Structures are given as structure tokens and as C-alpha cells.
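Inspection log for the structure reproduced underneath, given as C-alpha cells.
The values are calculated or read from the model by the stated rules, or taken from the named source; none is laboratory data. Worth saying up front: this structure is predicted, and the values here are computed from it rather than measured. Counting neighbours? That spans all protein chains shown, and the Cβs are built from the backbone with ideal geometry, glycine included. Side chains included, ligands, DNA and RNA excluded: accessible areas come from the protein's heavy atoms. Shrake-Rupley method; radii C 1.70, N 1.55, O 1.52, S 1.80 Å.
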Amino acid sequence: GVREHCLFLKQISDADSLRKALGNAFERASLPTLSADERRRALSFCVVGAGPTGVEFCGELRDFLAADAARYYPDLVGEARVTLLEATDQVLGAFDASLRAEALDELRVRRLATDNQDIAGVDVKLGAQVTEVNGTHVLLGEADPVPYGFCVWATGNGAVSVVSETVSSLGEGAQAEAQATAR
């Protein structure tokens, strides 16, 4: 379900899709016919992967909520929630422990929007192994499913297909030679 239901942070087209999804989430949440549960789900943003990409995106998303969304959707921005799911027991696993702790603290702190509305901190769930993504929830095995208005997959970002195919077509000898030259 990841390919069908998640947004990605790799290509320019992904950024356009993400921008549209964010606007659509707030527009959907503003519909008067939506129930409170449906509005909460529409304003629930899930990010899978707490590496540099996922952590940075959560920070930027929260900045957007505090500044721009608060200006355009003042009645809704306080209901927005960001959840960061990480399969391991830490964010930014490749970084120094002090930087990991600082990043985690910064993500979790509440913010005030430009109009003094309270913006919730990021709900960081460590040890949360995603087993499935369907159209409305991220499933975490035995744990409670995480509802979402949109879900961003920020883990396992590999090379684009043209790069992978080119590298594979070179063969191991040419790859080793290219790496030695690049160093």
C-alpha cells in the first residue's frame, strides 16, 4: 500500500503532489458536512522514517502550520497533528547522540502560531514498525493504527531508476574504477 497511498520526497513532482495534498487536507477539513472524526483524520499528517529527510520534513510541516496554515485556516490549525513513525529506537540514527536528543526534544515541543494558537508538538513513535498502509491508516502490527489525511514515506529513499539501471549496466569493474576516480 505504500506506493498507492503515500507521498514521497524525491522528485519535483513529489513536492507538487505534497503541496496539493496539504492544501486539499485543509480544504477537506473545512467542509461543514464533515464529522469531527473525519476532520481530525483529514488534519492528521503521518511521516514514516525518522532519518534526516523525515525529521526535516516534520519540522518544516510544523513551521507551515504555525505560520501559513494559521493565517489561512485559523479555525482548523489547532486540530492539525503530525506523527513521526520510526522502526528503530531513535531519530537520526547516523548522528551523534546529543544531536539526536536535541532533535527529538525540538520535534516534541509545542509551538505558538502567528495568532497565538497552540500547535501540538510532533508525536514521535519510536519502535513503530509499519506493517501496512491502507487508504486511511498506517498499521503498526499489534499497536493501534495511525489515521492520516496524508502519509509521507521518508524511509528507504533509493536512487532513481535511471541511476540504478546505469550503475547496474556498468558492471562491477567499471563501478570500482569510477569510485576510485571520484575519490
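Taking amide H as placed 1.01 Å from N in the peptide plane, residue 7 has its amide H under 5 Å from the amide H of 151, 152, 153, each at least 5 places away in sequence or on another chain.
So, by mean Cβ neighbours within 10 angstrom, what's the order for 101-109, 64-72 with the highest one leading? Walk me through the numbers on the way to the answer.
Details: 101-109: 15.0, 64-72: 17.9.
Going from most to least packed, we get 64-72, 101-109.
Look at the dipole of the chain built from charges on Cβ: of 78, 131, 2, the Cα furthest out on the positive end belongs to 78. From its DSSP helices (H runs of at least four residues, each -39,500 (n - 2.57)), the chain gives a residue-normalised ellipticity at 222 nm of -13000 deg cm²/dmol. A simple count of charges around residue 140, restricted to other residues whose Cβ falls under 12 Å of its Cβ and scoring Lys, Arg +1 and Asp, Glu -1, yields -3.
When peptides 28-37, 120-129 are ranked by their average number of other Cβ atoms within 10 Å per residue, the highest-first order is 120-129, 28-37. Judged by the gyration tensor of its Cα atoms, with axes a ≥ b ≥ c, region 1-137 is oblate; a/c meets the 1.5 cut and b/c is at least as large as a/b. Protection proxy ranking, highest mean first, for peptides 38-50, 78-90: 38-50, 78-90, where packing is the per-residue count of other beta-carbon atoms within 10 Å, averaged. Averaged over its residues, the chain has an accessible area of 58 Å² per residue, based on protein heavy atoms and a 1.4 Å probe.
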